[in-house]
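First the structure, in the form of structure tokens, and then the observations on it.
The values are calculated or read from the model by the stated rules, or taken from the named source; none is laboratory data. On a predicted model such as this, the values are computed, not experimentally measured, just so you know. With ideal geometry, Cβ positions are generated from the backbone for all residues, glycine too; neighbour counts draw on all protein chains shown. Each accessible area value is taken on the protein alone, full model and side chains, heavy atoms only, with ligands, DNA and RNA left out. Shrake-Rupley method; radii C 1.70, N 1.55, O 1.52, S 1.80 Å.
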Amino acid sequence: NVTDGKLDLTFGGPTGWVVSAVVVRRAEKPKADPLAAGAILEWRVSPRYPNPDWYPIYQTTTPPERNLASPNTQRWRIVRTPKSGVGLVDLGSNTETGAGDVVYAVATIRSAAAKPATLHLGASSQVMAWLNGESVAYLPNVKGVQRDEFAGRVQLKAGRNVLLLKLCRFWERRWMFYASVTK
């Protein structure tokens, strides 16, 4: 860290290691992260659906799947992510959710015109994704949220587009996901 124009560095350790060089350069202006620029910041999240036998999400079906293009979200809670960053949604800890629980998250993506775009997804759990009722992605259960676990081309239509995610929690300590749309 640089404070008042002064840079303090401390080196050392019990093994007596040596530093051969330290190079300090003025930082370039940080580039905007495209995932942050296209982050989906507002979601409606369903109540939890128990899945006590831990079936994979592609083997479970619940009422929101009756209308994938426009699920009834009137009783779903609104979740807003921080306005900066990739729009990470925190669904709760392992003490707040049960292993195997399934939830749905829906977001609206507005587009001025019909056009191709790239959908980016990352999650700490299994995810299935539909855009306007069409299946666009499946992510297996991976520990931790990783950048661009899915980055695939999708077709947006002019006006309102509905992105529906189905998430199934297993062992993760924090149950999280993000979605972003870029050119």
Query raised in the report: Can you tell me which residues in the range 170-180 are in a strand (DSSP E or B) and open to solvent by less than 30 Å² (accessible area, probe 1.4 Å)?
Result: W175, F177, Y178, A179, S180
Query - Extreme residue, most open to solvent (accessible area, probe 1.4 Å), among residues of the range 26-53 that are basic (K, R) and modelled with pLDDT under 90 - result: R26
Query raised in the report: When residues of the range 114-136 are filtered for being over 15 Å from V86 (Cβ atoms), without any contact (Cβ under 8 Å) to a residue 60 or more places away in the chain and not in a strand (DSSP E or B), how many remain?
Result: 2
Query raised in the report: Could you count how many residues in the range 112-129 are farther than 13 Å from K157 by Cα and either of a type outside the set (G, A, S) or in contact with a Cys (Cβ under 7 Å, 6 or more places away or on another chain) (or both)?
Result: 8
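Taking the stated definitions as given, is V102 modelled with pLDDT of 90 or more and either of a type in the set (A, V, I, L, M) or over 17 Å from the mean Cα position of the chain (by Cα) (or both)?
Answer is yes for this residue.
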Query raised in the report: Hey, among P56, P82, which residue is modelled with pLDDT under 95 and surrounded by fewer than 14 Cβ atoms within 10 Å (Cβ to Cβ)?
Result: P82
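Can you find a residue in the range 101-109 that is open to solvent by less than 40 Å² (accessible area, probe 1.4 Å), within 26 Å of G144 (Cα to Cα), touching a Cys at 6+ places or on another chain (Cβ under 8 Å) and in a loop (DSSP other than H, G, I, E, B)?
yes
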Requested in this report: Output the residue which, of all residues in the range 85-99 that are part of a strand (DSSP E or B) and in contact with a Phe, Trp or Tyr (Cβ under 6 Å, 6 or more places away or on another chain), is modelled with the lowest pLDDT.
Outcome: G92
Query - Residue match in the range 62-75 (condition: part of a helix (DSSP H, G or I), open to solvent by 60 Å² or more (accessible area, probe 1.4 Å), over 24 Å from Y178 (Cβ atoms) and basic (K, R)) - result: yes
Query raised in the report: Taking the range 139-169 as the region of interest, how many residues are surrounded by 15 or more Cβ atoms within 10 Å (Cβ to Cβ), out of contact with any Asp or Glu (no Cβ under 9 Å at 6 or more places or on another chain) and not β-branched (V, I, T)?
Result: 7
Query raised in the report: Under the condition of being open to solvent by 30 Å² or more (accessible area, probe 1.4 Å) and touching a residue at least 24 places away in the same chain (Cβ under 8 Å), which residue from the range 85-95 is farthest from R66 (Cα to Cα)?
Result: G85
Requested in this report: Filter the range 29-61 down to the residues that are of a type in the set (D, E) and in a loop (DSSP other than H, G, I, E, B), then identify the one that is nearest to A107 (Cα to Cα).
Outcome: D33
